[in-house]
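These notes are about the structure you will find just below.
The values are calculated or read from the model by the stated rules, or taken from the named source; none is laboratory data. Not measured: the values here are computed from a predicted model. Here the Cβ is made from the backbone with ideal geometry for all residues, glycine too, and neighbour counts use every protein chain on show. For the accessible areas, the whole protein counts, side chains as well, though only heavy atoms, and no ligand, DNA or RNA atoms are used. Shrake-Rupley method; radii C 1.70, N 1.55, O 1.52, S 1.80 Å.
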Amino acid sequence: QVRLVESGGGLGQAGGSLVLACIGDGGIFNMRGWGWWRQTPGNQREPVARITSDGKPDYADSVKGRFIISRDNAKSTVYLRMNSLKPDDTAVYYCNTNSPVKFNWGQGTRVTVSS
């Protein structure tokens, strides 16, 4: 079982940037695609960005052109650079494998964007 640990959230200002990191400890990290999801109270977790095992990214329309997903296989870490932050980006962010069979979700990292 892979343990997922997200970090890097916090308070950001509209127009600013944050970088999230997720360590996928305990599995064959580099053979998997990974993604970021976010969740706000009362809503389902929604996909934000994903990256394939060979590094191809894909983004939700709401973050396209603002967020950048990347991975460092040597560190078993996937990153999400969040630029041009908007208050609507406020959420708890989670990472997981892109596979339909997910690992146990981590605690997530909370991002709050002030206007």
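Report yes if Phe67 is aromatic (Phe, Trp, Tyr), in contact with a strand residue (DSSP E or B) (Cβ under 8 Å, 6 or more places away or on another chain), at pLDDT below 95 and surrounded by 15 or more Cβ atoms within 10 Å (Cβ to Cβ), otherwise no.
no
Do you know which residues across the range 35-58 are surrounded by 14 or more Cβ atoms within 10 Å (Cβ to Cβ) and under 17 Å from Val92 (Cα atoms)?
Within the range 35-58, Gly35, Trp36, Trp37, Arg38, Gln39, Arg45, Pro47, Val48, Ala49, Arg50 qualify.
Looking only at the range 24-34, how many residues end up being open to solvent by 20 Å² or more (accessible area, probe 1.4 Å) and under 12 Å from the mean Cα position of the chain (by Cα)?
Narrowing the range 24-34 to residues open to solvent by 20 Å² or more (accessible area, probe 1.4 Å): 25-28, 30-32.
If we keep only those that are under 12 Å from the mean Cα position of the chain (by Cα) too, we end up with none.
Residues in the range 24-34 being open to solvent by 20 Å² or more (accessible area, probe 1.4 Å) and under 12 Å from the mean Cα position of the chain (by Cα): 0 in total.
Looking at Ala91, Ala21, Ala14, can you tell me which residue is within 10 Å of the chain's Cα centre (by Cα), touching a residue at least 24 places away in the same chain (Cβ under 8 Å) and surrounded by 12 or more Cβ atoms within 10 Å (Cβ to Cβ)? Give the derivation first.
Values: Ala91 fails: within 10 Å of the chain's Cα centre (by Cα); Ala14 fails: within 10 Å of the chain's Cα centre (by Cα).
Going through Ala91, Ala21, Ala14 in turn, just one is within 10 Å of the chain's Cα centre (by Cα), touching a residue at least 24 places away in the same chain (Cβ under 8 Å) and surrounded by 12 or more Cβ atoms within 10 Å (Cβ to Cβ): Ala21.
Has the range 51-64 got at least one residue that is part of a strand (DSSP E or B), modelled with pLDDT of 95 or more and within 16 Å of Val113 (Cβ to Cβ)? Lay out the reasoning, then the answer.
Within the range 51-64, the subset part of a strand (DSSP E or B) is 51, 57-59.
Add one more test, that the residue is modelled with pLDDT of 95 or more, and what stays is 51, 57-59.
Filter once more, keeping what is within 16 Å of Val113 (Cβ to Cβ): none.
Within the range 51-64, none of the residues are part of a strand (DSSP E or B), modelled with pLDDT of 95 or more and within 16 Å of Val113 (Cβ to Cβ).
Six or more apart or on different chains, Cβ atoms under 8 Å: show the pairs whose first residue is in the range 101-112 and touching a residue at least 12 places away in the same chain (Cβ under 8 Å) and hydrophobic (A, V, I, L, M, F, W, C) and whose second is part of a loop (DSSP other than H, G, I, E, B) and open to solvent by 100 Å² or more (accessible area, probe 1.4 Å).
Phe103/Gln1
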